[in-house]
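Taken together, the values in this text are just the output of simple stated rules run on the coordinates, not laboratory data. All values derive from a computational prediction rather than experimental measurement. Ideal geometry is used to build each Cβ from the backbone, glycine not excepted, and the neighbour counts take in all protein chains shown.
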């Protein structure tokens with residue numbers, strides 16, 4: 001793979017309605033950040049929005065949802 | 001098997017089943033002890049219940065601990081484990097079970113609070129019908145290509161931002177603007193994704209799809225606003241950061257001094273800061289969401305808190321208080337012009353007909369002494385108890401009582417004499433594109449179509465001269481009258497001066513060499529301006545200040561009409577800035593409403609900047625602290641009210657949280673509160689805080 005990874009990065013938006021306490025935020029961010037191909041993960045507690053900057057060829061959006069689920073929260077990919 | 005897997009892998013499902021299982025075991029334990037009188041199963045059943053519910057809490061506590069976060073779950077886990085160790089099986093089971101039930105209820109209720117924006121998400125349709133390669137096909141809304149033609153049938157939601165190509169429909173734009181009255185859209189007009197087309201078929205050229213729509217931008221901005229922490233929230237988070245460790249410390253101290261493990265563990269349980277950490281975010285999410293539904297974008301907790309403190313509002317005049325375009329508001333007649341005027345002027349008059357009032361005007365305008373009769377329509381309207389024409393819908397909104405708007409009567413019925421003057425001027429103006437001509441032409445067109453003059457000369461900066469069926473019409477200013485040797489006597493001079501004093505732009509009308517009247521044009525106040533100012537005063541804005549570059553008379557006229565407290569006219573942009581600083585120096589929390597570039601410095605200096613009519617303008621949405629999607633001034637007062645309600649809500653939540661924790665801690669130290677009861681009250685306080693926040697969403 002000679003292609004620069006930055007060219008492949010996309011931002012996938014997940015939404016979770018389950019976040020019920022701010023302490024879950026670092027937990028989810030850390031779990032997502034540990035995935036291969038994920039450059040950055042940001043969890044917004046107030047709105048339940050999860051922004052993930054990642055390489056979709058390495059880590060698919062479905063994997064992101066699975067990861068959030070393993071951290072204890074249900075989420076779904078959202079168009080905006 | 002697969003259903004079991006779902007129950008285990010889906011965290012929500014798993015948690016629900018763990019909670020239900022734990023509850024079942026507790027019920028079984030109670031049954032065996034009190035129903036069957038058997039003590040032997042009590043301990044094991046309660047322990048199993050505690051382990052079932054506690055496993056999920058412990059896992060979460062561990063996950064938080066790994067990222068160096070002392071979570072509420074950790075407090076509960078320590079307490080429950082400790083209770084099991086000292087043989088308090090019932091307490092351990094009750095605490096873990098209640099915590100799980102509470103967490104489930106919290107998640108459910110938070111979902112409703114966050115749901116304020118769901119209406120917006122759901123507003124955008126998933127599918128669009130596009131015209132592609134000559135046939136219509138259904139595609140996902142985000143797959144429409146910019147420039148493609150989208151078909152919208154009556155009753156359907158518009159899937160993209162675009163421009164109407166053909167068709168017409170009444171479009172319900174309430175999702176975008178919060179305005180419940182549908183707007184008529186026809187060819188060339190912009191439409192927004194998420195709005196609903198009623199009673200008409202539209203063909204739309206897509207200009208923005210998916211994330212590049214006004215709706216998506218609004219959702220994004222609102223969410224960013226909800227995520228931006230308010231100062232109060234930041235304070236709470238700093239507080240919570242040392243609160244949890246200090247509760248652990250307090251429990252340890254309590255154990256060291258009293259050697260009472262039960263007391264120490266109870267302290268851990270009731271010390272949970274759940275209600276506290278959630279008190280401000282809940283209010284802010286609900287408040288900003290509530291405002292967004294009303295077409296008000298408040299750009300974050302900081303601005304939400306600021307808006308509630310506004311005590312002075314600075315407004316520009318043009319386009320904010322006024323309609324931003326001139327209207328014909330007064331006609332000053334030269335005496336005798338209309339003597340013996342026939343009725344039915346203009347009815348059915350077509351091009352080329354012999355106009356019935358020509359003769360009248362001719363006789364009227366001859367040698368009679370010209371005496372200006374100033375007819376101040378507004379004054380006479382008020383004196384005579386004149387009621388606005390019902391056909392003007394603006395009066396239904398604005399009202400026009402004695403203290404109401406008196407400048408919105410462009411539709412006021414002019415007397416036959418006045419109509420003659422208007423019509424003469426309009427015949428000349430119809431051929432010209434001058435902005436001051438348009439309101440004259442519009443007024444005249446109410447009486448029927450206008451003939452085209454035989455000849456028309458424009459005199460730049462002065463006016464027009466036209467020939468129509470052998471008559472000479474001269475319309476313009478004093479210099480134009482001088483040029484054509486038309487005399488202005490003392491009466492006309494007085495009329496001119498009086499019109500100017502009231503902020504009108506006077507237009508002289510002369511027919512066949514003699515002045516027949518003066519038309520007074522003015523930018524009129526919006527019907528909503530006066531009620532808006534009154535509403536602002538009720539909302540606690542003590543000083544509504546007009547800052548305008550316009551001339552003093554025009555500004556004063558509008559200010560008097562709408563009830564402005566302070567007027568500063570003929571200002572340069574930097575002088576507007578000085579006034580903002582002066583108001584701030586006088587102790588006011590100043591908000592500024594503006595749109596133009598010339599307002600930019602003053603907007604930047606104001607404590608809160610407000611943009612109006614932002615639906616079509618991304619810049620306004622992006623830069624202002626508060627963006628009103630419509631240009632309805634009443635929304636400013638509404639924004640202030642929502643902000644105040646949110647601030648109040650936040651304070652109530654803090655009080656609920658602090659009083660509960662304080663009372664529980666005191667109760668524990670006095671030996672009155674036990675672990676299970678403490679957990680129950682704690683969870684109830686969390687729900688009370690969320691429920692109180694949701695109230696904001698329900699306000700009308």
Each label sits 7 Å from Cα toward the beta-carbon; between residue B:260 and residue B:584 the label points are separated, in nm, by 5.6
Exposure-ranked with fewest Cβ neighbours within 10 Å first, B:675, B:235, B:694 stand as B:235, B:694, B:675
Here the FRET efficiency for residue B:688 versus residue B:572, based on Cβ atoms and R0 = 51 Å and rounded to 0.05, is 0.40
Rounded to 0.05, the calculated FRET efficiency for the beta carbons of residue A:53 and residue B:479 at R₀ = 56 Å is 0.25
The stretch B:63-162: spread of alpha-carbon positions along the three principal axes, whole Å, largest first, is 79, 30, 19
The percentage of Cα-Cα pairs in the stretch B:438-487 separated by more than 18 Å is 39
Using alpha carbon positions and the Kirkwood radius, the Rg to Rh ratio of the stretch B:502-572 is 1.16
Here Rg/Rh (Cα, Kirkwood) for the stretch B:453-531 equals 1.07
The residues A:12, B:320, B:258, sorted from fewest to most surrounding Cβ atoms within 10 Å, come out as B:258, A:12, B:320
Burial-style ranking of B:286-298, B:553-565, average other-beta-carbon count within 10 Å with highest first, yields B:286-298, B:553-565
Rounded to whole angstrom, the alpha-carbon centroid of the stretch B:175-221 lies from that of the stretch B:633-686 at a distance of 41
Expected unfolding gain across residue B:112-residue B:442 under the 0.36 nm per residue rule, minus the alpha-carbon gap, is 113.7 nm
Computed from the beta carbon distance with a Förster radius of 30 Å, FRET efficiency for residue B:238 and residue B:62 to the nearest 0.05 stands at 0.75
Honestly the stretch B:134-218 on the Cα gyration tensor test (a ≥ b ≥ c root eigenvalues; a/c under 1.5 rounded, otherwise a/b vs b/c for prolate or oblate) is just oblate
In whole angstrom, the spacing between the Cα centers of the stretch B:265-339 and the stretch B:30-51 equals 58
Per-residue average of other protein chain Cβ atoms inside 10 Å, peptide B:211-223 -> 2
A chain fully extended from residue B:253 to residue B:203 at 0.36 nm per residue, minus the present Cα-Cα distance, gains in nm 10.6 nm
Given B:244-251, B:217-224, B:97-104, the highest-first ranking by average Cβ count within 10 Å works out to B:97-104, B:217-224, B:244-251
Output field shielding_mean for B:60-66 (other chain Cβ, 10 Å radius) holds 4
Of B:418-424, B:454-460, B:236-242, B:625-631, ordering from highest average Cβ density within 10 Å down gives B:418-424, B:625-631, B:236-242, B:454-460
Within 10 Å of the Cβ of an average residue in A:45-55, the count of other chain Cβ atoms is 5
Simple SL model, points at 7 angstrom along Cα→Cβ for residue A:39 and residue B:494; separation in nm is 7.9
